[in-house]
Amino acid sequence: MEEKKRIFSGMQPSGMITLGNYLGAMKNWTALQNDYDCLYCIVDMHAITVRQDPVKLRKQAKDLLTQYLAVGLDPEKNTIYYQSHVSQHAELGWILNCYTYMGEMNRMTQFKDKAAKHADNINTGLYTYPVLMAADILLYQTDLVPVGEDQRQHLEITRDIAGRFNTIYGDTFKIPEAYIGKVGARVMALQEPTKKMSKSDENKNNTIILMDEPAVIMNKIKRAVTDSEDEVRFSEDKPGISNLLGIYSACTGKTIAEAEKEFAGAGYGTFKTAVGEAVVANLEPIQQRVRDLEKNKDYLDEVIKKGAERASKLAERTLSKVQKRVGFLPKVR
Ligand code: ATP
Ligand code: LTN
């Protein structure tokens, strides 16, 4: 039997999961779980590149685990774990730091954005964040990385680092590909539709979070910034309406063209109500499952324990190969 191809992806427990995270990443994860061997990591080590309150970070990491399961990831089919439980990520991360140039890191747009946002804490972890991400992916000989559009540059650097290492030491890492969905890959902020919806946004009206109640969702969509026309049409000069069309399409499975036709002549009010209802229809069942799962602490503990064990076993294979190649002595046993 041919072995399944491998998928790796992760999300930071840096706040409440948004509709952007869900449509851009998680929804694709659940769709891919039957055809691939998938590892879905909760990247808590990445989250501390901006200052986190430890009590909140623990809660967010637990909530994210519950949400991974609630969106439909089956822990029997997928390896789900906390990054900090598998020490090989940090170990490979260090080694790869020594094969990455500052010039490469200087080009990373996420670093520039986050450095501007957190000017009082531009730490070197934030700077080398993409190297740890490369380690995450390369540890598992990953074929495919399902992410939102904003991660494309990080995937490119991952491929560059892997290729460089392979050139020096011979084939060591599989060169991974990004998997970026056609719809939902870049959900924009509702009040500022030219910037991406982000879970760490301070303006709560910019984001819909996975756990927002239906009335809150309807309200946020109704108040979303649009334009002075009244025509539901996808266009670069209509970022608000285009964003809502993208959300509608990702939530219903209809194409943008079908959606435009459906709302031709309907007006923004009717359209926004339909978008809100489509989002609620996607999120309500997930919210119910979150509430059920939260009651089952033992089950969650079991999932995360098994996940770390399997991930660690797989990661060790690559790490020990790498350690040998760069010239570290084996442990005396
Ligand atoms: P933060 O605000 O803390 O930087 P984030 O909301 O950008 O976080 P991440 O944890 O960094 O989220 O990303 C998790 C996944 O969600 C990634 O695959 C990322 O590409 C995807 N993603 C994040 N925001 C969006 C968005 N607005 N539209 C589509 N996909 C997104
Ligand atoms: N950098 C990603 C989160 C992330 C990730 C990964 C995604 C960390 N490691 C490995 C895919 C694969 C982000 O900021 N969204």
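Summary table
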quantity	calculated
Residue among 65, 73, 96 that alone is in contact (Cβ under 8 Å) with a residue 40 or more places away in the chain and closer than 24 Å to residue 322 by Cα	96
Helices (runs of 4 or more DSSP H) wholly inside the stretch 63-139 containing at least 2 residues that are closer than 15 Å to residue 159 by Cα and within 14 Å of ligand 2 (Cβ to nearest atom)	88-97, 124-138
All positions within the stretch 23-58 that are among the hydrophobic types (A, V, I, L, M, F, W, C), over 30 Å from residue 252 (Cα atoms) and within 13 Å of ligand 2 (Cβ to nearest atom)	45, 47, 48, 50
Residues satisfying the stated conditions in the stretch 198-219, i.e. within 18 Å of residue 188 (Cβ to Cβ) and β-branched (Val, Ile, Thr)	207, 208, 209, 217
Top-ranked residue of the stretch 196-207 - restricted to ones that are modelled with pLDDT of 95 or more and touching a strand residue (DSSP E or B) at 6+ places or on another chain (Cβ under 8 Å), ranked as farthest from ligand 2 (Cβ to nearest atom)	207
Residue 9 on the phi < 0 side of the Ramachandran plot, at pLDDT 95 or above and of a type outside the set (Val, Ile, Thr)	yes
Residues of the stretch 268-290 satisfying the condition of being open to solvent by less than 10 Å² (accessible area, probe 1.4 Å) and over 24 Å from the mean Cα position of the chain (by Cα)	271
Which listed residue, of 162, 189, is of a type in the set (Gly, Ala, Ser) and within 16 Å of ligand 1 (Cβ to nearest atom)	189
Residue selected from the stretch 169-210 under the condition farther than 30 Å from residue 52 by Cβ and free of Cβ contacts under 8 Å to residues at least 12 places away in the same chain, by the criterion most open to solvent (accessible area, probe 1.4 Å)	182
Scope the stretch 154-168; condition surrounded by fewer than 16 Cβ atoms within 10 Å (Cβ to Cβ), β-branched (Val, Ile, Thr) and closer than 20 Å to residue 128 by Cα; matching residues	none
Failed item in (1) of a type outside the set (Lys, Arg); (2) open to solvent by less than 70 Å² (accessible area, probe 1.4 Å); (3) touching a Ser or Thr at 6+ places or on another chain (Cβ under 8 Å), with residue 260 passing the rest	(3)
Any hit, the stretch 267-285, residues being modelled with pLDDT of 95 or more, out of contact with any helix residue (DSSP H, G or I) (no Cβ under 6 Å at 6 or more places or on another chain) and within 16 Å of ligand 1 (Cβ to nearest atom)	yes
Subset of the stretch 175-187 (residues that are in a loop (DSSP other than H, G, I, E, B), touching a strand residue (DSSP E or B) at 6+ places or on another chain (Cβ under 8 Å) and modelled with pLDDT of 95 or more)	176, 187
Residue satisfying all of: in the stretch 25-49; within 11 Å of ligand 1 (Cβ to nearest atom) and out of contact with any strand residue (DSSP E or B) (no Cβ under 9 Å at 6 or more places or on another chain); nearest to residue 75 (Cα to Cα) among these	27
Qualifying residues in the stretch 140-159 (those that are part of a helix (DSSP H, G or I) and more than 22 Å from residue 187 (Cβ to Cβ)) - the one farthest from ligand 1 (Cβ to nearest atom)	159
Residues satisfying the stated conditions in the stretch 211-253, i.e. farther than 30 Å from residue 288 by Cβ and open to solvent by less than 20 Å² (accessible area, probe 1.4 Å)	232, 238, 240, 241, 242
Tabulated pairs, the stretch 225-254, first of a type in the set (Gly, Ala, Ser), second part of a loop (DSSP other than H, G, I, E, B) and surrounded by fewer than 17 Cβ atoms within 10 Å (Cβ to Cβ), C-beta under 7 angstrom, 6+ apart or interchain	240/227; 242/234; 242/235; 249/255
Residue tally, condition touching a residue at least 60 places away in the same chain (Cβ under 8 Å), of a type outside the set (Phe, Trp, Tyr) and within 20 Å of residue 310 (Cβ to Cβ), over the stretch 9-61	7
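The values are calculated or read from the model by the stated rules, or taken from the named source; none is laboratory data. Everything quoted here is computed from the prediction, not taken from an experiment. In this analysis, Cβ positions are derived from the backbone assuming ideal geometry, glycine residues included, and neighbour counts consider all displayed protein chains. Accessible surface is based on the protein model in full, side chains and every heavy atom, while ligands, DNA and RNA are left aside. Shrake-Rupley method; radii C 1.70, N 1.55, O 1.52, S 1.80 Å.
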